[in-house]
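Everything on this sheet refers to the single structure shown next.
Just so it is clear, none of the values below were taken in a lab; they were calculated from the coordinates. Model, not experiment: these values are computed from the prediction. When we count neighbours, we look across all protein chains shown, and the Cβ atoms used for this are built from the backbone with ideal geometry, even at glycine.
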There are 2 protein chains.
Amino acid sequence: MSETERLIESVKELLGGGRDERLAALLEDAHAADVASIIRELAPLDQIHVFRLLSAEHAGAVLSELDDSTARELLQALDETEVTRVLGRMPAERVVETLEELPKEESDKILELMEEEKSEEVQELLTYGKGTAGRLMSSDFVAVHEGASVGEAIEHIRKSKSGDDAFYLYVVDGHDHLVGLVPLHRLLTADPAASIHEIRTEEVPSVTVDTDQEEVARLVQRYDLLQVPVVDANRRLLGSISVDDIIDVIQKEATEDIQRLAGVAGDETVLDPPRAVFPRRLVWLLINLATAILASSVVGLFESSIQTLAVLAVFMPIVASMGGIGTTQTATVVVRGLALGDLTPGVAGRVLLKELRLGLTTGAANGLVIAAIAYVWKGQLLLSLILGIALVLNMLVAAVFGTLVPIALKAFRIDPAIASSVIITTFTDVFGFFSFLGLATLLMKFLL
Amino acid sequence: MSETERLIESVKELLGGGRDERLAALLEDAHAADVASIIRELAPLDQIHVFRLLSAEHAGAVLSELDDSTARELLQALDETEVTRVLGRMPAERVVETLEELPKEESDKILELMEEEKSEEVQELLTYGKGTAGRLMSSDFVAVHEGASVGEAIEHIRKSKSGDDAFYLYVVDGHDHLVGLVPLHRLLTADPAASIHEIRTEEVPSVTVDTDQEEVARLVQRYDLLQVPVVDANRRLLGSISVDDIIDVIQKEATEDIQRLAGVAGDETVLDPPRAVFPRRLVWLLINLATAILASSVVGLFESSIQTLAVLAVFMPIVASMGGIGTTQTATVVVRGLALGDLTPGVAGRVLLKELRLGLTTGAANGLVIAAIAYVWKGQLLLSLILGIALVLNMLVAAVFGTLVPIALKAFRIDPAIASSVIITTFTDVFGFFSFLGLATLLMKFLL
């Protein structure tokens, strides 16, 4: 990172001194990812200034590396001809990614201004649904007919404009159906007279254009793939997806899980404008408000007990907080297990049993500790025992709901991560208040 | 997945019928990742039975694909000679991964039984710290002297035992120093008489043996690498790390963040034995108990106010719950932003400002709603206003702590993810109870 920091310092210095020529040279030599990092740290006007100093090709690469909100702001500050010039140099699948971030009218305008061939290519990709393999695939792959010889295949690769990023040669039949692949390493070491048909790997994991990108990611991880060919419904080869795009998908999925578990939309980034974030956070806060009112109303049922014995209110936060963390621990491990594919139906029973044992043992340990502390603090033995017992019960409830709710959501094809603290902890809050205040009310005459 | 499910069904059937020969044939044809999935779903004795049916080579591959706890149990059920036979067929870096999971005495015993050459290779990798590039690197790469011609390089590759997974030819000088690389694609399309020196890429991102694996992952993501060469302190080429290992690192990091935010150790999997999980969950539960007692003691300060006006206790869960979710939302976005490298020091101020604006606006919106609901419910205007105001203040506090605590932890080189709900929500709980109950106590004479 210190390398990037030094770059940022140099850029700021050159910007301050108005030395555009040196600045342009410096930026052109830097990696697009580094230039993107620099741009994010600059003030909006400087961002535009720096971006305009880039060659169209480099600008396109930088644009692909920028986070969505910075890219959007930058594009909206440039005029459409400038944007079109940059997008014209980007691969079609990157253009699609960029256009997705812009308002419809603006992206339509840009598509009109773009060269016809490129515009058509982009519009074709746009016909595939968001989040599908079709949207991610690149047309930058090399394929050869199965009847070719190794020597002919090498000649074909030489003539194609595929670059250093091609690692596989795809093999197709006369109707462009994918029928195999040959890693370049094998091609390099094969006899030039050998036939491609002989040396190809026949069973190639592939996806169709409408496969969900998360499914593609699972395939890549499961079989350690570097590139996944994308075919249409008739198994005709249309494109390929490379592992670096899959890493982005994996990171997005992880972000989604982390954020949803916390009651955040799932794709919020630190620099998103507050007015875009506001409605999305508000939804979860309002849902939480509703569940909190539910918990409050349970407390309301016991208002007269609290009036009689105010110390009950003092212990309430402990019951709620411990139930909350218990549920969160369980739900988090379960949600992540589902996401990674570790928690399959066949092992669900074992997982529930594990969580119940943990709920019982950790509940007992914490129940003992809190009963002892409460007794020392307030000197009321029965009340301390009630608190301890309520805590054990609450941890068991946490284990059950924390395990079963995410699994059930997944079974109904709902993202289990929304079984977040917000939703599940309502159960433990309600149950915890009910058991603690309920037991205390039942035994009230012994408590006074 | 339905493919795997069908496989599992077949395996169970063949197991039940005792048809080991057919079962062995079926397993041998299946991908190691699929066999691993099957094994996880079986009862322990069947797991061992199935594993013993695999050829040593396939068994090694399957072992690499198994989750840690299943692998450990399986290995401990086999005798050391069997384990050694399987490990003997695995690449050294995979053997290291496996041995890490076993008790020291057992792994020492296995190392002794292993062929000397392999054992030495493994022990050398074990000298590198856990979680470093040295531990991850494979010695399965091809390098050629910079003075070679393209034709000689191809001949060298042909003679080496590098497989289909080699995509780069590394270029070294006379002292094995890494001085560049050539993608196989370029080698394939170059003139055989050309010199490697001419066509190599000189600037190769590389890491040293002691680079942290998370740093390697950042490099791979930033520059879209497929393979990272690993060098020693003198830039001598020792190995290479491939992107599929990096994907595992990325997933582990994400799991760690997700779990730590929820007060779980960071590497718990759904099938970990309860007795191993118990102490690790208990730690966080006890920390949470301590912070909950802190919050309780704040409530305790106002016990007499609650005695006078028990309805205060009814609203307490709302204050605590809203503060909790507000902090969790902010902290989660911030922690993830830090992990992804989006939240750099240069933008920290903007992020705090954003969170403050969000805290104010969402706080005001929720404050209005809850004040209105509380008024309708209990008919006490002043109390409803106090509740609304306490909520706004609490959301602002949530914004400040949720943003600054993770950033501060990161600055002190502590994992920001442990700024979990457990820790930060203490601040909002304490502050929330204090402001709500405090305001009510101050204005008590108007409330009665």
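Adding -39500 (n - 2.57) for every DSSP H run of four residues or longer, then dividing by how many residues the protein assembly as shown holds, sets the calculated 222 nm ellipticity at -22000 deg cm²/dmol.
What translational diffusion coefficient, to the nearest whole µm²/s, does the stretch A:2-127 have by Stokes-Einstein, given a Kirkwood radius computed over alpha-carbon pairs, a temperature of 25 °C and 0.890 mPa s viscosity? Spell out each step's value before the answer.
On the way: Rh = 14.9 Å.
Estimated via Stokes-Einstein, D reaches 165 µm²/s.
Compute the FRET efficiency between residue A:235 and residue A:12 as 1/(1 + (r/R0)^6), taking r as their Cβ-Cβ distance and R0 = 45 Å, and round to the nearest 0.05.
On the way: r = 53 Å, r/R0 = 1.18.
Step by step, r from the Cβ atoms, then E = 0.25.
Considering only the Cα atoms of the protein assembly as shown, their convex hull presents on average a projected area of 41.2 nm². Can you pull the percent of Cα pairs in the stretch A:306-364 with separation above 20 Å? When all Cα pairs of the stretch A:306-364 are counted, 43 percent exceed 20 Å. Here the label points at residue B:161 and residue B:376, each 7 Å from Cα along the C-beta direction, are separated by 7.6 nm in the simple model.
Each copy carries residue A:106; placing its label point 7 Å along the C-beta direction from Cα gives inter-copy distances of 5.8 nm, listed from smallest up. Anisotropy class assigned to the stretch A:111-179 is prolate, per the alpha carbon gyration tensor with a/c at or over the 1.5 cut-off and a/b larger than b/c.
Let me know the whole percent of all Cα-Cα pairs from chain A that are separated by more than 30 Å. Walk me through the numbers before you get to the answer.
Working: 61527 of 100128 pairs.
The answer is 61 percent, as a whole percent.
When chain B is treated as a Gaussian network with alpha carbon springs shorter than 10 Å, the biggest mean-square fluctuation among B:320, B:166, B:417 belongs to B:166.
How crowded by other chains is A:178-185, given as the mean number of beta carbons from other chains within 10 Å of each beta carbon? Write out the running numbers ahead of the final one.
Values: counts 0, 0, 0, 1, 1, 6, 9, 14.
If you average over the peptide's residues, the count of other-chain Cβ atoms is 4.
Distances, shortest first, from the label point of residue B:3 to those at the same position in the other copies read 3.8 nm; the point lies 7 Å along Cα to C-beta.
Placing a label point 7 Å from Cα along the Cα-to-Cβ axis, residue A:82 is separated from the same position in the other copies by 6.9 nm, shortest listed first.
Give me B:137, B:90 sorted ascending by neighbouring Cβ count inside 10 Å, so fewest comes first. The partial results should precede the final answer.
Working: B:137 26, B:90 21.
By the 10 Å Cβ count, ascending: B:90, B:137.
Among A:275, A:89, A:52, the largest mean-square fluctuation in a Gaussian network model of chain A, built with springs joining Cα atoms closer than 10 Å, belongs to A:275.
Within a 10 angstrom radius of the beta carbon, how do A:170, B:223, B:168 rank from fewest other beta carbons to most? List each step's numbers first, then the result.
Numbers: A:170 22, B:223 14, B:168 25.
If I rank by nearby Cβ atoms, fewest first, I get B:223, A:170, B:168.
When only Cα pairs below 8 angstrom with a gap of at least 6 residues are kept, chain B shows a relative contact order of 11 percent.
Here the extension length gained between residue A:115 and residue A:350 equals 78.7 nm, from 0.36 nm per residue of separation less the Cα-Cα distance. When the square roots of the Cα gyration tensor eigenvalues are ordered a ≥ b ≥ c, the ratio a/c for the stretch A:350-448 is 1.5 or more and a/b exceeds b/c, which makes its shape prolate. Partner shielding of B:268-277 amounts to 6, given as the average count of beta-carbon atoms from other chains within 10 Å of each residue beta-carbon. Orientation-averaged projection of the stretch B:45-183 equals 9.9 nm² [convex hull of Cα atoms, one quarter of hull surface area].
Residues B:434, B:141, ranked from the fewest to the most other C-beta atoms within 10 Å, line up as B:434, B:141. In this structure, the amide hydrogen of residue A:180, modeled 1.01 Å from its nitrogen in the peptide plane, lies closer than 5 angstrom to those of A:171, counting only residues at least 5 positions away or on a different chain.
Dimensions of the stretch B:142-250 based on its C-alpha atoms, expressed as ranges along the principal axes with the largest first, amount to 41, 28, 24 Å. The mean number of partner chain beta-carbon atoms within 10 angstrom of a residue's beta-carbon across peptide B:242-253 is 4. Dipole of the protein assembly as shown computed with +1 at Lys/Arg Cβ and -1 at Asp/Glu Cβ about the Cα centre; of A:265, B:125, B:32, farthest Cα towards the positive end is A:265.
Relative contact order for the stretch B:2-127: what percent, with Cα pairs under 8 Å and sequence separation of 6 or more? Present the calculation step by step, with values, prior to reporting the outcome.
Values: 99 pairs, mean separation 25.3, N = 126.
Relative contact order for the stretch B:2-127 comes out at 20 percent.
Partners of residue A:109 within straight-line reach, counting lysines whose Cα lies under 18 Å from its Cα and excluding those fewer than 8 residues away in the same chain: A:118.
Result for chain B in a Gaussian network model with C-alpha springs under 10 Å: among B:163, B:17, B:266, the largest mean-square fluctuation is at B:17.
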